[in-house]
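The values are calculated or read from the model by the stated rules, or taken from the named source; none is laboratory data. From a predicted model like this one, the values you see are computed outputs, not experimental measurements. As a convention, Cβ positions derive from the backbone with ideal geometry for all residues, glycine included, and neighbour counts pool all protein chains shown.
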Amino acid sequence: MAKQDDTEMMEVLLGVRGVHVIGAKNETGGFRALVETRVEEATCPACGAGADEDGRVVRDHVDPEEHFGRRVVFEWHVRRWRCSKACGQEPWEESLPAVGSAQRGQGR
């Protein structure tokens, strides 16, 4: 059996694919999983040009299902993108279907 890396194991345990688990913290009644997507490049949805990362915001998403009998809060480090050609497209945030749109979480 091939050895899995830590990120792959956390994806299986938490039931979320396509993310890097970059940390974990115990909290009262549960734990917090710090995650970011594996996406490192984006394309402008308006003109198709490449996009540049324009910072990050942190969004919380509370998983409705418990894991190992504990509540999980995903602290998602969301990338913001902007068009590299300045075509007029407003900056946008990435989304991850398994966690939901960053817009649905609570911002910090």
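Inspect region 52-59 for any residue being more than 13 Å from W81 (Cβ to Cβ) and either at pLDDT below 90 or among the charged types (D, E, K, R) (or both) and give the result as yes or no. Scanning region 52-59, I find at least one residue that is more than 13 Å from W81 (Cβ to Cβ) and either at pLDDT below 90 or among the charged types (D, E, K, R) (or both), so the answer is yes. On the stretch given as region 20-65, residues that are more than 22 Å from M10 (Cα to Cα), surrounded by 11 or more Cβ atoms within 10 Å (Cβ to Cβ) and among the acidic types (D, E) total 3. Where strands (runs of 3 or more DSSP E) fall wholly inside region 23-92, the ranges with 1 or more residues that are touching an Asp or Glu at 6+ places or on another chain (Cβ under 8 Å) and farther than 22 Å from D6 by Cα are 51-62, 71-83. The residues of region 1-19 that are exposed (fewer than 12 other Cβ atoms within 10 Å of the Cβ) and part of a helix (DSSP H, G or I), listed by number, are D6, V12.
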